[in-house]
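Scroll down for the structure; my scribbles are underneath it.
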Amino acid sequence: MKIDLLTMVESGGCSAKIPPKQLEEVLKLLPLSSDPDILVNIDTHDDAGVYRVNDELALVLTTDFFPPVCSDPYEFGQIAAANSVSDVYAMGGTPVVALNIMMFPSAKLPVEVYTQILKGGYDMASQAGVRIIGGHTIDDYPPKYGLAVVGYIHPHKIITNAGAQPGDALILTKPVGTGVLLAGQRMGMTSEEDLKAATDLMKQLNRSGADVMKKYDIRGATDITGFGLAGHALKMAKASKVTFRINMKKVPLIGHTYDLVDAGCIPGVSFTNLDFAEPDTHFAEDLDYNLKMIAFDAQTSGGLLFCAPDRLKNMIIKDLRKEGFQYSEVIGYVTEPDRKILYLDN
């Protein structure tokens, strides 16, 4: 019996996140712990938390899970696991151990689907050098899967989303468009070739991209997921107290993403992300509307966005492409604080 997980969800992957504006309002109400060993917390809305164990070791802690983003249970497990460990890579850490998080409708799906999801997660975690040592499952519909991950990092080598400096180049390691292409699949508009390209990119670990960041002593980075390129760039610029300028024509796209948006395939979450970022964003007068909406497309297991000294950008791009991130591009630069936090240019 072949199961298509996408028939069970309206929005899957990182597009299932609650709206960023609502999340900000919730986080404002939460108290912040004052423990001096907490090196990174929710204050800057960073990718993961960091807790110092001693002068040589800190723990990077994160969790992520979501509804199906593809039809095949095994691939869903792979993508969810790759996405879960990505936050550790974005912080410059090494993921080490993880726990499964599973919500599974036992009365609606055969146990074989449960097994295949967990097998996909296990295999991807193993590829990342992560040992899954337990987990927790509840009965829930639709299915959801992810990991709680613990990694290691040196306390003086943490990469945060507050590390951008004026004059830095902005580098993106993966093309964008997964949200559009997955929405197009539900509407019968996405080609098999583009769907495979999107799936392969979602399964690509950000490990070697993080290795390049560490090689060049990068201090500011994030990964691109549910709030879209513009949403995560805005959060990073705000945390760093700088302004980002992104040239949307430089942003690499997956397959026929642009054509699908031009045909009207714009996921609803893109408008939610736009609503969050619009007050702090300047849009160039001649900005292509399709590129504007692509900037807010929710990504699942997206690439790294990081800041690097301008003099190093060409060497970094060369190394990233050598490591399998062949679409890596310089997409903008960082300036002193301006009237707006984010500028989207054409």
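Points to keep in mind about this one:
- Single residue of 340, 318, 313 found to be touching a helix residue (DSSP H, G or I) at 6+ places or on another chain (Cβ under 7 Å) and either part of a helix (DSSP H, G or I) or of a type outside the set (S, T, N, Q) (or both): 340
Conditions (1) buried (at least 19 other Cβ atoms within 10 Å of the Cβ); (2) assigned by TED's automatic domain parsing to the domain that holds residue 135; (3) free of Cβ contacts under 8 Å to residues at least 40 places away in the same chain; (4) at negative phi, marked per residue:
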position	(1), (2), (3), (4)
16	yes, yes, no, yes
19	no, yes, no, yes
29	no, yes, yes, yes
47	yes, yes, no, yes
51	no, yes, yes, yes
56	no, yes, no, yes
60	yes, yes, no, yes
67	yes, yes, no, yes
75	yes, yes, no, yes
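- Subset of the range 117-134 [under 22 Å from residue 207 (Cβ atoms) and part of a strand (DSSP E or B)]: 131, 132, 133
- Of all residues in the range 99-116, those that are under 26 Å from residue 207 (Cβ atoms) and assigned to a strand (DSSP E or B) total 4.
- Residue 246 meets the conditions (1) assigned to a loop (DSSP other than H, G, I, E, B); (2) touching an Asp or Glu at 6+ places or on another chain (Cβ under 8 Å); (3) closer than 30 Å to residue 81 by Cα in every case but one. The failed one is (1).
- Note on the range 65-98: residues that are outside any helix (DSSP H, G or I), closer than 18 Å to residue 301 by Cα and more than 19 Å from the chain's Cα centre (by Cα) total 2.
- Just one of the listed residues (195, 182) is at pLDDT below 95 and not in a loop (DSSP other than H, G, I, E, B), namely 182.
- Residue in the range 107-126 that is under 17 Å from the mean Cα position of the chain (by Cα) and charged (D, E, K, R) present: no
- One residue stands out among those in the range 38-63 that are at pLDDT below 95 and charged (D, E, K, R): the one that is farthest from residue 206 (Cα to Cα), which is 43.
- Only one of 148, 198 that is among the hydrophobic types (A, V, I, L, M, F, W, C), crowded, with 24+ Cβ neighbours inside 10 Å and farther than 30 Å from residue 311 by Cβ: 198
Matching residues to (1) within 25 Å of residue 263 (Cα to Cα); (2) in contact (Cβ under 8 Å) with a residue 12 or more places away in the chain; (3) over 19 Å from the mean Cα position of the chain (by Cα):
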{"site": "283", "(1), (2), (3)": "yes, yes, yes"}
{"site": "294", "(1), (2), (3)": "yes, yes, no"}
{"site": "303", "(1), (2), (3)": "no, yes, no"}
{"site": "307", "(1), (2), (3)": "no, yes, no"}
{"site": "322", "(1), (2), (3)": "no, no, yes"}
{"site": "337", "(1), (2), (3)": "no, yes, yes"}
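The values are calculated or read from the model by the stated rules, or taken from the named source; none is laboratory data. Here the structure is a predicted model, which is why all the values come from computation and not from measurement. Glycine gets a Cβ as well: all are built from the backbone with ideal geometry, and neighbour counts include every protein chain shown.
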